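In what follows, a structure is listed as structure tokens, so that the remarks can point back to it.
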Amino acid sequence: MATPRCAFDTAAGRYLVLCLFGSASHAGSKAAIAAAFRRSDVFDDVKASFFGVTIDSTDETEQRVDDRYPGYRFFLDFDGTISRLYGAIPIDAKPGDRGVPVRQIWIVIDPTMRVLKVLPFAEDGSDIEAVLSLVSALPPINRISGIELHAPIIMLPNVFEPELCTRLIGLYERNGGEESGFMREVDGKTVEVKDHGYKRRKDYDIQEKDIIAETQGRFTRRIVPEIQKVHQFTVTRMERYIVACYAAEDKAHFRPHRDNTTKGTAHRRFAVSVNLNDDFDGGEVSFPEYGSRSFKAPSGGAVIFSCSLLHAVSTVTRGRRYAFLPFLYDDAAAKIREANNAFLAEGVGSYTADNQAPAPPRSK
């Protein structure tokens with residue numbers, strides 16, 4: 001994988017097998033890779049994925065490794081970042097060092113990104129069968145704990161009345177929406193990126209102060225107390241007032257992501273997805289770390305979840321999904337948000353806590 005930076009945690013939701021083999025020129029490495037390639041029934045990107053890690057630049061120039069989809073990817077770890085992290089090379093090894101000792105190992109990771117097994121290469125090659133047998137025998141993703149998992153979310157009906165849903169959809173249809181991107185960290189700055197392969201959605205940024213006040217009022221009465229009860233967290237602030245549209249004609253979707261992974265988004269604590277209609281197919285929210293089940297709130301209902309959870313929105317295949325999608329946080333997080341202004345790229349609006357638009361007051 002030649003990308004300079006990979007958010008490996010977004011691969012959660014399946015078993016991950018890391019093979020840190022050092023160089024594909026070694027006989028043991030060749031055998032491990034070949035054996036993995038023979039198990040496409042296991043490495044299908046549904047139950048499991050294989051990630052080979054090389055520190056040998058000649059593996060690329062001599063084309064000894066290459067991604068195969070689905071199921072197989074290789075990290076070209078020529079600076080040793082990954083190998084140092086997982087203990088395959090010494091922590092003090094520098095890029096370009098000659099004669100660096102390499103510990104060839106397998107690491108098996110569960111769908112919630114916890115290490116299940118670390119297995120070193122064996123001289124007789126017995127490690128290969130041991131790893132493949134282990135992964136083959138692991139339970140289905142939806143039952144990794146022996147029972148079917150449920151993502152730690154709140155499903156709450158009747159947040160917005162039908163009349164408010166209709167008004168919000170009307171705002172979008174009268175004003176139209178603009179393509180929205182997502183935030184990434186690039187050279188230490190939070191920047192907005194647009195990539196239709198990763199996300200496709202159009203948003204209307206609500207300007208009407210009366211509508212903003214109405215949505216805040218509903219959240220104060222119906223969302224804030226529920227978060228306080230379930231999570232013992234007091235929401236005091238809201239970020240973003242938009243009507244989002246996932247349209248079937250755009251094949252709209254949002255691939256697995258987390259909402260707080262950059263300096264510009266680190267303050268976010270909870271995401272809320274309020275469906276404004278339900279006459280569409282697809283467009284469901286899922287949480288891959290907790291199985292393949294997806295969720296579709298009824299019109300006016302909400303899915304509430306921690307911004308740290310990996311989540312995705314499936315492609316809308318019929319109609320349009322309209323949703324109100326704010327983030328919630330508190331005064332302590334507001335200070336973090338303001339302090340991180342220095343890390344925002346040009347075009348990403350700065351933030352002053354004292355000048356923030358009204359947000360839900362503290363619940364009584």
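Quick note: the coordinates plus some simple rules give every number you see, no bench work behind them. As the structure is a computational prediction, the values presented were derived from the model and not from experiment. Counting neighbours? That spans all protein chains shown, and the Cβs are built from the backbone with ideal geometry, glycine included.
Placing unit charges on each Cβ (+1 for Lys and Arg, -1 for Asp and Glu) gives the chain a dipole about its Cα centre, and among 153, 291, 266 the Cα reaching farthest toward its positive end belongs to 153.
Is segment 95-166 best put as rounded, prolate or oblate by its Cα gyration tensor, with a ≥ b ≥ c the root eigenvalues, rounded for a/c under 1.5, and otherwise prolate when a/b is larger than b/c, oblate when not? The shape class here is oblate. Within the chain, the ratio Rg/Rh, alpha carbon atoms throughout and Rh by Kirkwood, equals 1.02. Checking the cross-link pairs 189/251; 199/263; 263/296; 94/117 against a 23 Å limit on the alpha carbon distance flags 189/251; 263/296; 94/117 as lying beyond it. Segment 126-153 and segment 12-43 have their alpha-carbon centroids 17 Å apart. Normalising the Debye intensity of segment 154-355 to I(0), with uniform scatterers on Cα atoms only, and taking log10 at q = 0.09, 0.12, 0.18 Å⁻¹ returns -0.32, -0.59, -1.46.
Projecting the Cα positions of 216, 228, 252 onto the charge dipole of segment 205-256 (unit charges on Cβ atoms of Lys, Arg, Asp and Glu, taken about the Cα centre) puts 228 furthest along the positive direction.
Between residue 137 and residue 115, the modelled labels are 2.2 nm apart [label points 7 Å from Cα along Cα→Cβ]. Note: relative contact order over segment 154-355, using C-alpha pairs below 8 Å and six or more positions apart, is 28 percent. Using just the Cα positions, wrap segment 147-255 in a convex hull and report its mean projected area in square nanometres, one decimal place. About 10.3 nm², averaged over all directions.
Backbone N atoms of segment 232-269 closer than 19 Å to the 7 Å Cα→Cβ label point of residue 317 belong to residues 246-256. Take each peptide in 13-23, 81-91, 280-290, count the other Cβ atoms within 10 Å of every residue, and average; sorted highest first, the result is 13-23, 280-290, 81-91. If you wrap the Cα atoms of segment 8-143 in a convex hull and average its projected area over all directions, you get 7.9 nm². Around the amide H of residue 233, modelled in the peptide plane, lie the amide H atoms of 228, all under 5 Å away and 5 or more residues distant in sequence or on another chain.
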